[in-house]
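Structure first, then comments.
Computed from the coordinates by the stated procedures, all read-outs in this text should not be read as laboratory data. All figures in this text were calculated on a predicted structure; none of them were measured in a lab. Cβ placement follows ideal geometry from the backbone for every residue including glycine, while neighbour counts extend to all protein chains displayed.
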Amino acid sequence: MLETLGWTDEFASSFERYAEAGLVPGRVLVEEKQAFIVRTQAQEGLARLAGRMLHRAADERNFPTVGDWVALQAHQGGLTIQAVLPRKTAFVRSDPSRATTTQVLAANFDTVWIFAALTSELSARRVEHFLTVAWNSGAQPVVVLTKADLDEATDERIAEVESVAIGCPLHVTSAVTGDGVDDLRQHLDGDRTAVILGSSGVGKSTLINVLLGEDRIATQATRADDVGRHTTTHRELVMLPDGGMLIDTPGLREIAVWDIGGTDTLYADIKNLMAQCRFSNCKHQTEPGCAIKAAIESGELDENHMKSYKKMLREMAFLARRRKYQPGVAWRRGNKRLSQRAQERKLGIDQGWET
């Protein structure tokens, strides 16, 4: 039973000391306001955090999240979570409501499915941003293009996403016709877990229902302007009838990458070119012998790709500096809230390039 939930020898080894204390392992299926639904070898039920976890945790990253394996104490009143086992992968973002505090949105997944719809709202740069987050989680990204049955689903739009989906599989799918759905199942072979990312209205819930074989996940039509509504209100791990699991997350409109390590894969081409610049401190603006400028002029490097990299670095520099200066406090001049750009200027962040 535990094996069908993704239990491995590594988790079993980590759990040995808890087993000696009489605890049982379980996986978190649903998280909502510090209440958790977990599944163990014997049961599925509601679990609460032990008091010592609430008091001793130095950061919210130490709290359980969907996909976590936890050590549970069973008693007459239910289940109590005593510890969280080490995670093999995690999806982390900065908490938009609490300045630079971080949240772990999902854990212990094998692949990250990045959804984007082949409509007028398609943004290759948004996909690129999701890819950075996905690589940084430690799992393999998979790009899933939905709504391939629409007239808007042109080869040009597919090619646009292919140009940024470096080093990862890409599947063109339709929940209406079923095209591409079976190809997705191969990423779940061996009781693997995938976490789903993507903006609202791109067809995540609809495709999950197709994989489930039933309308279990609520869906809503997009508005006339093609802007989707959020249909998922809490994070949930869903077990599929043919094996494998999906972690569904609320539609994310803003993601701030907490650790920049994921850029090593996505922006490897840029970093290789940077190493060829004449000057080691090249700002890639007006310096002679700049390999970046030369590559853009020759067409070897997409200028939008470079702009995306610069934007990512500015975001990381902003978060790092904001963490040092009154985290959690809204910055104001008089009664006027400062914009992020104004805060960047106040903190001395280079507007053109950040190294």
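DSSP finds beta bridges in region 71-186, and of those with both partners inside it, around 50 percent are antiparallel. Per Stokes-Einstein, at 4 °C and 1.567 mPa s, what whole-number D in µm² s⁻¹ belongs to region 1-151, with the Kirkwood radius over Cα pairs as the hydrodynamic radius? For the chosen part, D equals 76 µm²/s. Treating r as the C-beta distance of Glu44 and Asn281 and R0 as 45 Å, the FRET efficiency rounds to 0.20.
Of the Cα atoms belonging to region 1-83, the radius of gyration and Dmax stand at 12.0, 33 Å. Take the Cα of Asp189, step 7 Å toward its Cβ, do the same at Lys33, and the gap between the two points is 4.3 nm. Structural size metrics of region 102-213, computed from C-alpha coordinates, are Rg and Dmax of 13.3, 40 Å.
Per residue, the convex hull spanned by the Cα atoms of region 27-75 measures out at 78 cubic angstrom.
In this label model, Asp215 and Lys271 are separated by 4.7 nm, measuring between points 7 Å along each Cα→Cβ vector. Each label was represented as a point 7 Å from its Cα along the Cα-to-Cβ direction; for Glu10 and Glu156 these points are 4.4 nm apart.
Taking 26 Å as the limit for the C-alpha separation, the pairs Lys33/Lys204; Lys147/Lys271; Lys271/Lys311; Lys88/Lys204 exceed it in the case of Lys147/Lys271.
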